[in-house]
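Read the structure below first, then the notes.
The values are calculated or read from the model by the stated rules, or taken from the named source; none is laboratory data. Keep in mind it's a predicted model, so treat the numbers as computed, not measured. Note that we place each Cβ from the backbone using ideal geometry, even for glycine, and neighbour counts take in every protein chain shown. Surface accessibility is based on the protein's heavy atoms, side chains included, excluding ligands, DNA and RNA. Shrake-Rupley method; radii C 1.70, N 1.55, O 1.52, S 1.80 Å.
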Amino acid sequence: MKVTVSLFNSKTKDVAIVIDLLRASTTITIALNTFNKVIPVNTSNEAFELKNKYNALLAGEDNLKTIEGFDITNSPKEVQKHEGDVLVLKTTNGTRVLENTKNNNKNVTVLIGTGINANAVAKKALEIATEEIEIVMAGRHEKFNIEDATGAGVIVKEIIKSAKDQNIPLELDETALASTILAKDEKQVKELIGNSWGATKLTKLGLEDDVKLCQLINEINEVPIYKNNEITKL
Ligand code: MLT
């Protein structure tokens, strides 16, 4: 089984795990505790239409600012206070990457992973994939960011553990290997995420509780899957 890590643009035809650690993947994973589905969108108009159609809660940010007319921002902490059928989510990078990944190949299985469900998503990806698991980092404005690379490393390490338990041979490319060096241990993971540009900015905006939730590892066993333009629990 090949394990690769890419940035923004997915190439796999098999299983992709999309990670936008701060904060879209974490918001989505936590939201599925209290919502049946999350519908990611890329424009506010789409979100408003879906609000009328499903009586949905609207969550979203535009360059980290809450969008006018939305109920909450893209916040894993805020989303925990709400429940319902549909959550509509619009974010700057994360929701675009989901769409890119699906557009790359319509047969690809798109899972959503992050630190908080790393072990669960690693196990599911190994179960489903036949030849490749690609971790697709959202990054920031199509450029590398350290929190997604570190989170990718946390997931790759979980894939290595599960593969070993099941005697599945793995072939890690150099990006996957590099990500495991970033995710050396829990202390380093926490520091790299906490000191990242994104976390510093969120903390300045008073959103340090969101950062803390995004630093958690293996606390949720659910795996979100993106299929037919919506995200549900696998
Ligand atoms: C994004 O998709 O750009 C992020 O999740 C930004 C954020 O809300 O922290």
Worksheet item: From the residues in region 65-85 that are over 16 Å from ASN33 (Cα atoms) and among the polar types (S, T, N, Q), which one is modelled with the lowest pLDDT?
Response: THR66
Worksheet item: Residue check: is LYS157 surrounded by fewer than 18 Cβ atoms within 10 Å (Cβ to Cβ) and basic (Lys, Arg)?
Response: no
Worksheet item: Only one of these conditions is not met by ASP62: (1) out of contact with any Asp or Glu (no Cβ under 8 Å at 6 or more places or on another chain); (2) at pLDDT below 95; (3) open to solvent by less than 60 Å² (accessible area, probe 1.4 Å). Which number is it?
Response: (3)
Worksheet item: Among the residues of region 98-118, which ones are out of contact with any Cys (no Cβ under 8 Å at 6 or more places or on another chain) and within 23 Å of ASN218 (Cβ to Cβ)?
Response: LEU98, THR109, VAL110, LEU111, ILE112, GLY113, ASN117, ALA118
Response to the item:
Those residues of region 89-130 which are of a type outside the set (Gly, Ala, Ser), open to solvent by less than 60 Å² (accessible area, probe 1.4 Å) and closer than 15 Å to LEU32 by Cβ amount to LEU89, LEU98, VAL110, LEU111, ILE112, THR114, ILE116, ASN117, VAL121
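Would you mind finding the one in LYS143, LYS81 that is in contact with a strand residue (DSSP E or B) (Cβ under 9 Å, 6 or more places away or on another chain), of a type in the set (Lys, Arg) and over 14 Å from PHE8 (Cα atoms)?
Criteria check complete, one pass: LYS81.
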Worksheet item: Can you find a residue in region 76-92 that is among the basic types (Lys, Arg), under 15 Å from the mean Cα position of the chain (by Cα) and under 19 Å from LEU234 (Cα atoms)?
Response: no
Fill in: Test for VAL86: is it of a type outside the set (Phe, Trp, Tyr) and buried (at least 21 other Cβ atoms within 10 Å of the Cβ)
no
Worksheet entry | GLU186 vs. criteria surrounded by fewer than 17 Cβ atoms within 10 Å (Cβ to Cβ), under 18 Å from ILE19 (Cβ atoms) and either hydroxyl-bearing (Ser, Thr, Tyr) or in contact with a helix residue (DSSP H, G or I) (Cβ under 6 Å, 6 or more places away or on another chain) (or both) | no
